[in-house]
Every structure is written in structure tokens, then in C-alpha cells.
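Engineer: The following block contains the structure, expressed as C-alpha cells.
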């Protein structure tokens, strides 16, 4: 996928990677729970693509054991909807990303997936879960049901309120990878402690 190659340069991490939905040419370590469902998930990957993506960092995607600002990028596809508290997850992705680095997200579009008949997730619901510090403990279903505009509104709320300091730099209303989702690429502009400046990500 050319868009991922454009922005995910250097060394980064992928959240919940899958061999059947991989990003070829991207230098990333796969973060996954590796819990009791892992063997089933591994078998499904092999069944689908003939291979599976090994886990490099066994952890929840919102509690990643890497240093602050240590990653050039965080990338994921069809993962953010599995977090009941997606803001908590994205704040963690912000923590591990360098200033100038990118957060690359592909999420399923409500109208192009099996979520079509479900009601769209309201921004107020997501914000309330963030304020209540709801844990991300169940990754077996979709909590976030969005169209592109809804997710952009969520990112805009996060930036406007200072939860993160990102700039949206690319949007695909229909992602160019699989086609049943949308893509939002954000750049981290500064740390939450006020440190500013875009640091060049080496190719």
C-alpha cells in the first residue's frame, strides 16, 4: 500500500497485525495480546493466507511496553473499532510516537461492512468512556461503528481539547488497501508537555 509507505517510514509498531492484512515493505513490530484466543486467530490467519504474523511485543494495544517517543510511526488496520475506549488507545499511540511521526489508521466504514445495520457511534459516547476511564478489556467485537466523518470529528475533538496534538494530513474516504474502510493519517506535532518541533524521520 503506497500510502502506508509514504508515511510509515523508519521503525514503528503495528497494532494487531495479520498476515492476511499485512503492510508489505513497512518496518514494524507487531503488538498483540497473544491471549487464550491467539491459537484460534493464528489458525485463521494460516487458513486465510497460508501464513501468520508472529507477535513481537505481547501487550494490549493501549498499554505498550516501549519508551516515550521511541517510534517513528504507529500503524493499524481494522483494529481501532475493537477498543471500547478508543481515545485511551490513541493517547497511548501518541505517547510512543516521536514528534513528527505518524499515526496511520484504517477503520471499517459502517456502510461497507457487516456493521451496516448498526447505529453509528456517537462522539459523546466515546468521550464519556474516556472520561470514565473505561478499560479496553474485550477485543472480540466492534465497539466503534463509524463513517469517515464521525472518526474525523473524534480526532478533531481530541486535538481541540488538547488530549493529543495532532494534525490530520491525509484522508481516504475509501481506503486503498482493502476498500471496505477509510484511512486517516495524523502527524504528531508536539508532546503533551509542550515540546514542539517536527523532527525529521529518516528514510
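The values are calculated or read from the model by the stated rules, or taken from the named source; none is laboratory data. What you see is a predicted model, and the numbers here were worked out from it, not measured in a lab. Glycine gets a Cβ as well: all are built from the backbone with ideal geometry, and neighbour counts include every protein chain shown.
Engineer: Can you say whether residue 16 is crowded, with 20+ Cβ neighbours inside 10 Å and at pLDDT below 95, as far as the supplied structure shows?
Structural biologist: Criteria met by residue 16.
Engineer: From 145, 168, grab the single residue that is surrounded by 12 or more Cβ atoms within 10 Å (Cβ to Cβ), modelled with pLDDT of 95 or more, under 18 Å from residue 76 (Cβ atoms) and out of contact with any strand residue (DSSP E or B) (no Cβ under 8 Å at 6 or more places or on another chain).
Structural biologist: Criteria check complete, one pass: 145.
Engineer: Next up: Could you check, for segment 193-202, whether at least one of its residues is closer than 18 Å to residue 71 by Cα, touching a strand residue (DSSP E or B) at 6+ places or on another chain (Cβ under 9 Å), assigned to a loop (DSSP other than H, G, I, E, B) and modelled with pLDDT of 95 or more?
Structural biologist: No, segment 193-202 contains no residue that is closer than 18 Å to residue 71 by Cα, touching a strand residue (DSSP E or B) at 6+ places or on another chain (Cβ under 9 Å), assigned to a loop (DSSP other than H, G, I, E, B) and modelled with pLDDT of 95 or more.
Engineer: Let me ask something else. Taking segment 45-77 as the search range and keeping residues that are part of a helix (DSSP H, G or I) and at pLDDT below 75, which one is farthest from residue 96 (Cα to Cα)?
Structural biologist: 47
Engineer: Separate question: Say we look at segment 154-165 and pick out the residues that are in a helix (DSSP H, G or I) and in contact with a strand residue (DSSP E or B) (Cβ under 9 Å, 6 or more places away or on another chain); which of these is surrounded by the fewest Cβ atoms within 10 Å (Cβ to Cβ)?
Structural biologist: Only one residue fits best here, namely 156.
Engineer: In segment 78-99, which residues are closer than 21 Å to residue 112 by Cα, part of a helix (DSSP H, G or I) and touching a helix residue (DSSP H, G or I) at 6+ places or on another chain (Cβ under 7 Å)?
Structural biologist: Once the filter is applied, which keeps residues that are closer than 21 Å to residue 112 by Cα, part of a helix (DSSP H, G or I) and touching a helix residue (DSSP H, G or I) at 6+ places or on another chain (Cβ under 7 Å), segment 78-99 yields 80, 86.
Engineer: Confirm whether residue 28 is more than 20 Å from residue 169 (Cα to Cα), at pLDDT 95 or above and surrounded by 13 or more Cβ atoms within 10 Å (Cβ to Cβ).
Structural biologist: For residue 28, the condition - more than 20 Å from residue 169 (Cα to Cα), at pLDDT 95 or above and surrounded by 13 or more Cβ atoms within 10 Å (Cβ to Cβ) - is met.
For every residue, the table says whether it meets (1) buried (at least 21 other Cβ atoms within 10 Å of the Cβ); (2) within 16 Å of residue 186 (Cβ to Cβ); (3) without any contact (Cβ under 8 Å) to a residue 12 or more places away in the chain.
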site	(1), (2), (3)
11	no, no, no
22	no, no, no
43	no, no, yes
55	no, no, no
70	no, no, no
74	yes, yes, no
103	yes, yes, no
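Engineer: For residues that are under 24 Å from residue 98 (Cα atoms) and more than 15 Å from the chain's Cα centre (by Cα), scanning just segment 173-195, find the one that is surrounded by the most Cβ atoms within 10 Å (Cβ to Cβ).
Structural biologist: If we take residues in segment 173-195 being under 24 Å from residue 98 (Cα atoms) and more than 15 Å from the chain's Cα centre (by Cα), then 191 is surrounded by the most Cβ atoms within 10 Å (Cβ to Cβ).
Engineer: Kindly provide the set of residues from segment 88-97 that are under 24 Å from residue 177 (Cβ atoms) and touching a residue at least 40 places away in the same chain (Cβ under 8 Å), ordered by number.
Structural biologist: Result: 89, 90, 93, 94, 96, 97.
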